[in-house]
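Asks: Structure provided below as C-alpha cells; questions to follow.
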Amino acid sequence: MRRVTAVAAMVVALAGCGTVKRTFGIKDAPPAHREPRSTSIYGDWVLANADSTAVAGASLVELTLQESNFTINARYPTQSPVMISGTTTYKDGVLTLTPTGGNAQGSLGGAFTPGKPIQIVASAAGGSLVFAPPAMAGTTAVVPSSVWHKKTQAEAAGKIGSPTTP
C-alpha cells in the first residue's frame, strides 16, 4: 500500500512539471479562442460583401488604410474600376475619411464626394475590420455596415487572387 501511495505522489509531483505529459503522451486540447495579435485598423483590407455598401455590384473592393490617408479600389465586372483616395483621422474609435480625389464622379451615388467627410466607427481584431455608423443618441447597439478582411489572409484562404493573379 505504501508503494502505491509513493507512486501516486510521484505521478502528481511530476504532472506539475510536464514529465508525465511527455512520458505518457498526454496532450492539452487547443484553446477554443485565441486572442487577436493585432487590433490596428491600418493596413490592406478587402471587403467581405460589397452588395450592402456604396460599391454595390463590385467584384472586389480593396482598402489601403493608413494613419493619414486611404485609397479604395473597386473592380466591377461590367464597368471601369473605381478609385477613391483621401485623408484619414482616427480618434476615440471614430474614423473620418475625407475623399480628395479619384475617378468616382457620380458612380457611387455621391457617397464619396471630394471634401465631404465620412465618419464611421472602426474596430479591428485579428484579420477583421468592421465599420459601423456612429451611435445615435439613445441607442447602445452598433450595427455593422461593412466587414473587411486582411488582404493577406483573404489571399491565403483563396477568397481573392494573389497579387499576380486577378
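Asks: When 1/r is averaged over all different Cα pairs and the result inverted, which Kirkwood radius in Å belongs to the stretch 43-156? Please report the intermediate quantities before stating the final value.
Replies: Numbers: mean 1/r = 0.0688 Å⁻¹.
Its Kirkwood hydrodynamic radius stands at 14.5 Å.
Asks: Okay, next question. Give me, ordered by chain and number, the residues 5 or more places off ILE41 or on other chains with an amide H under 5 Å from its own placed amide H.
Replies: none
All of the numbers you see were taken from the coordinates with simple rules; none came from a lab. Because the structure is predicted, anything quoted here is derived from the model rather than measured.
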